[in-house]
Amino acid sequence: MTGTPPLVRQATSVAIDGRAILIEGDSGTGKSSLALELIDRGAVLVGDDAVLLEVSGNRLLAHPHPNTRGLVEVRNLGILPFPCAEEATVALVIVLNPQAPRFIEAADTIEIAGIAIPLVRLWPHAGPLALKAELALSHFGNRVC
């Protein structure tokens, strides 16, 4: 990481082809469950519950938090180890929210550490969430340069 202190963000993150998705939402909305579904479909864990973010040029990079590196809290099973990516460029923020709109024409934008990131809200109890997250990354996510 660079000399600038990283920002700690409460989120779960996975990487798909080097593009990180930050998964956010209230406790119990299924952030870790969505991450597990995405990992099952080929994504790689970046971090569960907390990630470190740093700016590198015009990109926002996600790194595992040292306290939870390679660990996912799997409800009903405990805290389990998973392979972990050390770095991925944040391309999309997904917020699990019961008030998510039924459909959108474009992603919203959130600014994190001065970097604009597309944001999509998904209703947490309307599957298939992993497929929706992959589609959101494909259609709305920033491209990695």
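No lab work stands behind these numbers, since they all come straight from the coordinates. The structure presented is a predicted model; accordingly, all values stated were derived computationally and were not measured. No Cβ is skipped: glycine too gets one built from the backbone with ideal geometry, and neighbour counts run over all protein chains shown.
Per-residue answers, yes or no, for (1) more than 16 Å from Ala130 (Cα to Cα); (2) among the aromatic types (Phe, Trp, Tyr); (3) under 15 Å from the mean Cα position of the chain (by Cα):
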residue: Lys31; (1), (2), (3): no, no, yes
residue: Leu38; (1), (2), (3): no, no, yes
residue: Gly42; (1), (2), (3): no, no, yes
residue: Ser56; (1), (2), (3): yes, no, no
residue: Leu60; (1), (2), (3): yes, no, yes
residue: Pro66; (1), (2), (3): yes, no, no
residue: Leu77; (1), (2), (3): yes, no, no
residue: Pro81; (1), (2), (3): yes, no, no
**Item:** Close pairs from the range 76-88: first closer than 16 Å to Asp40 by Cβ, partner basic (Lys, Arg) and in a loop (DSSP other than H, G, I, E, B), Cβ under 7 Å, at least 6 apart
**Value:** Cys84/Arg69
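Out of the range 90-103, which residues are assigned to a strand (DSSP E or B) and either in contact with an Asp or Glu (Cβ under 9 Å, 6 or more places away or on another chain) or surrounded by fewer than 19 Cβ atoms within 10 Å (Cβ to Cβ) (or both)? Walk me through it before giving the result.
Here is the first cut: in the range 90-103, the ones assigned to a strand (DSSP E or B) are 90-96.
Within the range 90-103, Val93, Ile94, Val95, Leu96 meet the criteria.
Confirm whether Gly114 is at positive phi and surrounded by fewer than 16 Cβ atoms within 10 Å (Cβ to Cβ). Walk me through how you get there before you give the answer.
Working: at positive phi: yes; surrounded by fewer than 16 Cβ atoms within 10 Å (Cβ to Cβ): yes.
Yes, satisfied.
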**Request:** For Ser56, indicate whether it is surrounded by 13 or more Cβ atoms within 10 Å (Cβ to Cβ), among the polar types (S, T, N, Q), in contact with a helix residue (DSSP H, G or I) (Cβ under 9 Å, 6 or more places away or on another chain) and in contact (Cβ under 8 Å) with a residue 24 or more places away in the chain.
**Result:** no
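Output the residue which, of all residues in the range 104-144 that are among the charged types (D, E, K, R) and part of a helix (DSSP H, G or I), is farthest from Asp17 (Cα to Cα).
Among residues in the range 104-144 that are among the charged types (D, E, K, R) and part of a helix (DSSP H, G or I), the one farthest from Asp17 (Cα to Cα) is Lys132.
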**Request:** Would you check which residues across the range 109-125 are closer than 22 Å to Leu38 by Cα and touching a Lys or Arg at 6+ places or on another chain (Cβ under 8 Å) and list them?
**Result:** Leu122
**Prompt:** Name the pairs whose Cβ atoms lie under 7 Å apart, with the first residue in the range 17-37 and at positive phi, the second part of a loop (DSSP other than H, G, I, E, B) and buried (at least 19 other Cβ atoms within 10 Å of the Cβ), and 6 or more positions between them or separate chains?
**Reply:** Gly25/Pro124; Gly30/Pro124
**Message:** Go through the range 90-103 and report how many residues are more than 13 Å from Arg19 (Cβ to Cβ) and of a type in the set (A, V, I, L, M, F, W, C).
**Reply:** 4
**Prompt:** Can we say Val46 is among the hydrophobic types (A, V, I, L, M, F, W, C), under 18 Å from Ile117 (Cα atoms), in contact with a Leu (Cβ under 6 Å, 6 or more places away or on another chain) and surrounded by 19 or more Cβ atoms within 10 Å (Cβ to Cβ)?
**Reply:** no
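Quick one: which of Leu96, Leu129 is within 15 Å of the chain's Cα centre (by Cα), closer than 17 Å to Gly42 by Cα and of a type outside the set (S, T, N, Q)?
Details: Leu96 fails: closer than 17 Å to Gly42 by Cα.
One residue alone meets the criteria, Leu129.
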